[in-house]
Amino acid sequence: MASNTNGLAADSTLQAICYKRGSLQLLDQRKLPLETIYIEIRDSTDGWNAIRDMVVRGAPAIAIAGVLSLAVEVFNSGAFNGSVADAASFLQNKLEYLVSSRPTAVNLSDAATKLKEVILKAAATSSEARSVFQAFIEATEIMLEDDVATNRAIGSYGASFVQQHSEKPKLSVLTHCNAGSLATAGYGTALGVIRALHSEGVLEWAYCTETRPFNQGSRLTAFELVHEKIPATLIADSAVAALMKAGRVDAVVVGADRVASNGDTANKIGTYSVALCAKFHSVPFYVAAPLTSIDLSLSSGREIVIEERSPKELLNARGGLGEKVAASGISVWNPAFDMTPANLISGIITEKGVITKTGADTFDIKAFVQKTGDQA
Ligand code: MRU
């Protein structure tokens, strides 16, 4: 079921995920910016399809929408004819299924791992299947609430760090893809940094790329920037080098789908090209991401699985949603992400602070996570 609402949260920010216990609606991001339509998500199958089909996208939003789809499923499921152990394995299997929707972003898999611990703990202390479901639902709701606070912290740390590392009183910042309210539960990560700079009065200008082929930049980031009344300009992906050569970019801030323990970062296809241009033009290149985007099990980005999507995204207009535009018979390679090596990254902005380099080429993210975890 689809419904029309104005797409805004109470604080008038754009809202990709509308949740009340037992009810989940996702803003259909394929329709933006032309239409604001929410789709009702009744269960984890709807959740899986919404993630796979890009109704909801962006690493943190994928994680939260995915686990909430299972929360509404179990809330509305009525009587469960099974034991506590059956309830636990039902939830664990469904989480595995959800994680299989898209391979590159780690946040959903991270959420699933944490929720499995909650499930096991609840199963060990409960006598009823319902209590296991209840513990699961409550834990997913905390994840939803925490995400906005996390993003605000990223915005605040990022804005201070970027300013401290620039000699200019006002900065022009470029971003790629969409790492804003629409890619999260609210506020955004990379776009959160831009929003924080703007609200502190130190943003000269924001630039967003189109982000071919799915156009997350022209459809979603441009939409958010206009909505927030942030002074901004849209450029073609291929204009990044020229913009930097003209001296119009003081910093780049992008999001992340998965960061390996040495700092290598998978993000939207084209991020690597932007980082190479930034290196050449001595423009600092920052990754803004929550700690849930970090995958300490991977020693480098070479181990990150890069999703390949349908040729249709290139062959047809509007990232595959419109009419055919490419020559019939041409073959297509359509990786959805690329990997930016750590040596091109100036800093990784998280909700616990900014991770800086330990050597010329790598970050010691494990040590940072350990240190900030110990302080918490
Ligand atoms: O394919 P998408 O639209 O899910 O890709 C999104 C990105 O690459 C974002 O930059 C990333 O997920 C960070 S979102 C805060």
Self-check item: D (Stokes-Einstein, µm²/s), Kirkwood Cα radius, the chain, 1.567 mPa s at 4 °C
Solution: 62 µm²/s
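When DSSP beta bridges are limited to those with both residues in the range 167-372, what percentage is antiparallel, rounded to the nearest 5?
Given both bridge residues lie in the range 167-372, the antiparallel proportion sits at roughly 35 percent.
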Quiz item: trypsin sites (Lys or Arg not before Pro), restricted to the range 208-312: which are DSSP loop and have at most 16 other Cβ atoms within 10 Å?
Solution: K229, R248
Quiz item: Per 10 Å bin, what percent of the C-alpha pairs of the range 167-372 does each bin hold, from zero upward?
Solution: 9, 35, 36, 17, 3, 0
Quiz item: Dividing the alpha-carbon Rg of the range 3-147 by 2.2 N^0.38 Å yields what?
Solution: 1.03
Quiz item: Sorted by average packing, counted as other Cβ atoms within 10 angstrom per residue and highest first, what order do 58-64, 100-106 take?
Solution: 58-64, 100-106
Quiz item: Counting DSSP beta bridges in the chain, what percent are antiparallel, to the nearest 5?
Solution: 55 percent
Quiz prompt | Charge dipole (debye, nearest 20) of the range 1-114; +1 at Cβ of Lys and Arg, -1 at Cβ of Asp and Glu | solution = 120 debye
Quiz item: For the range 111-120, in order, what is each residue's ³J(HN,Hα) by Karplus, 6.51 cos²θ - 1.76 cosθ + 1.60 with θ = phi - 60°, in whole Hz (x at glycine and Pro)?
Solution: 5, 5, 4, 5, 5, 5, 5, 4, 5, 5
Practice problem: For the chain, give the magnitude of the charge dipole about the Cα centre (Cβ charges: +1 Lys/Arg, -1 Asp/Glu; no others), in debye to the nearest 20. | Solution: 580 debye
Quiz prompt | Whole-number accessible area per residue in Å² for the chain, which is evaluated in the context of all protein chains at 1.4 Å | solution = 42 Å²
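Ignoring ligands, DNA and RNA, what percent of the 1.4 Å accessible area of the chain is carbon and sulfur?
53 percent
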Self-check item: Sequence-distant residues sharing a close amide H with E351 (under 5 Å, placed H)
Solution: L291
Quiz prompt | Solvent-accessible area of E303 with every protein chain in place, 1.4 Å probe, in Å² to the nearest 10 | solution = 90 Å²
Practice problem: Report the accessible area of K371, computed with a 1.4 Å probe over the heavy atoms of all protein chains in place, in Å² rounded to the nearest 10. | Solution: 120 Å²
Quiz item: Cα axis of helix 84-99 to longest principal axis of the chain: angle in degrees, 0 to 90, nearest 10?
Solution: 30 degrees
Practice problem: Give the distance, in whole Å, between the Cα centre of the range 255-315 and the Cα centre of the range 144-186. | Solution: 17 Å
Practice problem: Using only Cα atoms, figure out Rg for the range 261-372 and give it as a multiple of 2.2 N^0.38 Å. | Solution: 1.28
Quiz item: Mind checking which lysines have their C-alpha under 20 Å from K312, skipping anything on the same chain fewer than 8 residues away?
Solution: K31, K268, K324
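The values are calculated or read from the model by the stated rules, or taken from the named source; none is laboratory data. Only a predicted model underlies this, so the values are computations on that prediction, with no experimental measurement involved. Backbone-built Cβ (ideal geometry, glycine too); neighbour counts: all protein chains shown. When the accessible area is computed, the model is the full protein with side chains, heavy atoms only, and any ligands, DNA or RNA have been set aside. Shrake-Rupley method; radii C 1.70, N 1.55, O 1.52, S 1.80 Å.
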